Amino acid sequence: MGFQFQFEPIFAEWPLILDGLLLTVWLSLGAIVLGSALAVLLTAARQLGGWAIGLCVETYVELMRNTPFLVQLFLIFFGLSGLGLRLSAAEAALLAMTLNLAAYSAEIIRAGVDSTHKSQREAGLSLALTKRQVLQHVVLIPAVAKVWPALSSQFVLMMLASSVCSFVSAQELSGATAIVEQRTFRSFESYIVATLLYLALALALKALLGIVGRLAFPRVSGLARVRTTGAAS
């Protein structure tokens with residue numbers, strides 16, 4: 001007896017799938033904004049703080065980068081609950097994604113900071129700029145511009161990793177798909193739809209981050225270089 005695809009039962013559950021999709025988008029965008037801000041703060045602390053602060057930041061980054069994201073999620077959701085701080089599944093997921101993404105992003109940004117030549121910092125200091133101003137205008141902004149493609153890839157990976165959050169009952173896309181599968185008994189069709197939606201989300205996020213990069217860092221984008229070359233010729 002041949003297998004027949006039946007997507008009608010899956011599409012009949014579209015409100016649940018849509019809710020899961022929207023939660024995935026909300027978690028991803030929230031983690032990107034909050035994680036990026038925290039990563040910048042960690043980078044600034046590394047550059048401006050003393051050795052003790054630098055050691056704390058390094059310990060945090062290595063801890064988050066060398067432990068499974070699922071374990072971190074469980075620690076936040078179940079561990080904090082045991083200490084009396086109860087978070088909803090969505091709140092725990094957002095916190096876990098933010099902390100994890102911040103560690104990876106801070107390490108990526110550090111690569112961009114390390115690529116800044118020492119003479120550029122010295123030039124900024126010679127112009128009577130403070131260390132904070134040199135870090136912000138001479139080091140940090142160009143560093144983020146250099147590593148923006150790597151940061152964008154990390155953001156997309158974090159969005160895809162949000163599927164793990166269903167393990168704490170967060171009904172994002174993968175969690176909603178599991179419920180649809182249980183209701184319809186159509187496993188193959190359910191996860192085909194989920195796969196296509198994740199693919200669409202990844203491509204849309206990649207395109208959005210590309211636009212953000214061109215708008216935020218026009219002088220270092222490939223489009224800006226093409227325009228500059230064309231104007232010069």
- Within the range 9-23, the residues that are aliphatic (A, V, I, L, M), assigned to a helix (DSSP H, G or I) and over 20 Å from the mean Cα position of the chain (by Cα) are I10, L16, I17, L18
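This table checks each residue for (1) hydroxyl-bearing (S, T, Y); (2) surrounded by fewer than 18 Cβ atoms within 10 Å (Cβ to Cβ); (3) in contact (Cβ under 8 Å) with a residue 40 or more places away in the chain.
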residue	(1), (2), (3)
V134	no, no, no
S153	yes, yes, no
L157	no, yes, no
L160	no, yes, yes
S166	yes, no, no
- Task: Could you list all residues from the range 161-190 that are over 19 Å from L99 (Cβ atoms) and in a loop (DSSP other than H, G, I, E, B)?
- Result: S169, Q171, F185, R186
- Message: Would you confirm, using the coordinates I've provided, whether V144 is closer than 15 Å to V212 by Cβ and assigned to a helix (DSSP H, G or I)?
- Response: yes
- Message: Any residue at all in the range 49-62 that's touching a residue at least 40 places away in the same chain (Cβ under 8 Å) and touching a Ser or Thr at 6+ places or on another chain (Cβ under 6 Å)?
- Response: no
- Query: Which one of L127, L83 is over 19 Å from the mean Cα position of the chain (by Cα), among the hydrophobic types (A, V, I, L, M, F, W, C), at pLDDT below 85 and surrounded by fewer than 16 Cβ atoms within 10 Å (Cβ to Cβ)?
  - Reply: L127
- Message: I'm trying to understand the selection: among the residues of the range 208-229, which are part of a helix (DSSP H, G or I), at pLDDT 50 or above and over 17 Å from the mean Cα position of the chain (by Cα)?
- Response: R214, L215, A216
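The values are calculated or read from the model by the stated rules, or taken from the named source; none is laboratory data. Since the model is a prediction, treat every value here as computed from it, not as a measurement. With ideal geometry, Cβ positions are generated from the backbone for all residues, glycine too; neighbour counts draw on all protein chains shown.
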